[in-house]
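Beneath this line is the structure, given in structure tokens, with notes to follow.
The values are calculated or read from the model by the stated rules, or taken from the named source; none is laboratory data. Because the structure is predicted, anything quoted here is derived from the model rather than measured. Using ideal geometry, Cβ is built from the backbone for each residue, glycine included, and neighbour counts are taken over all protein chains shown. When the accessible area is computed, the model is the full protein with side chains, heavy atoms only, and any ligands, DNA or RNA have been set aside. Shrake-Rupley method; radii C 1.70, N 1.55, O 1.52, S 1.80 Å.
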Amino acid sequence: VRLNGAPLPAPTPRPWNEPLRVACSDPDHVAPDQRRALLGLWSEGVAPRPGGAAGLEYLRVARGELDAIAFSWEFPWDHAAGLLLVTEAGGVQRTVAGKPFRLAGGNALPFTAARDEATARRILDLLAAGRTDAA
């Protein structure tokens, strides 16, 4: 993956004492089960914030400016290029069911795209805890 002709660097490990930076769907504007899942991100060691334009958020993950995204909608035009970008930059993407996001739809939502496998697993664990704890 290249940005302005220069290769994007591989993700570097996060310092253990810094919170994960996550852009996410606004929990106030999603279905109740997705809201519960997203609220799981409001946990110690995580700094969630409302997501902006999907394309820019994916670029931020690929560049290492964000650790992950957690989105709750499936429009392929918002995700196709960004998912490819993050994956090519060494990142990982999964739905709350642990499966890759399908552009054709029918995904278990929300889903994450993260800088690496460990970060994706942490985000998915928090989303699953949110679904369980508030059910």
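Of all residues in segment 23-56, how many are over 16 Å from TRP73 (Cβ atoms) and in contact (Cβ under 8 Å) with a residue 60 or more places away in the chain?
6
Of these, ARG102, ARG63, which one is open to solvent by 40 Å² or more (accessible area, probe 1.4 Å), modelled with pLDDT of 95 or more and of a type in the set (D, E, K, R)?
On the way: ARG63 fails: modelled with pLDDT of 95 or more.
Within the list ARG102, ARG63, the selection yields ARG102.
Pull up segment 1-34, narrow it to residues that are touching a Gly at 6+ places or on another chain (Cβ under 8 Å), among the aliphatic types (A, V, I, L, M) and not in a loop (DSSP other than H, G, I, E, B), then point me to the one that is surrounded by the most Cβ atoms within 10 Å (Cβ to Cβ).
In this case the residue turns out to be ALA23.
Would you call ASP78 at pLDDT 95 or above and open to solvent by less than 80 Å² (accessible area, probe 1.4 Å)?
The answer is yes for ASP78.
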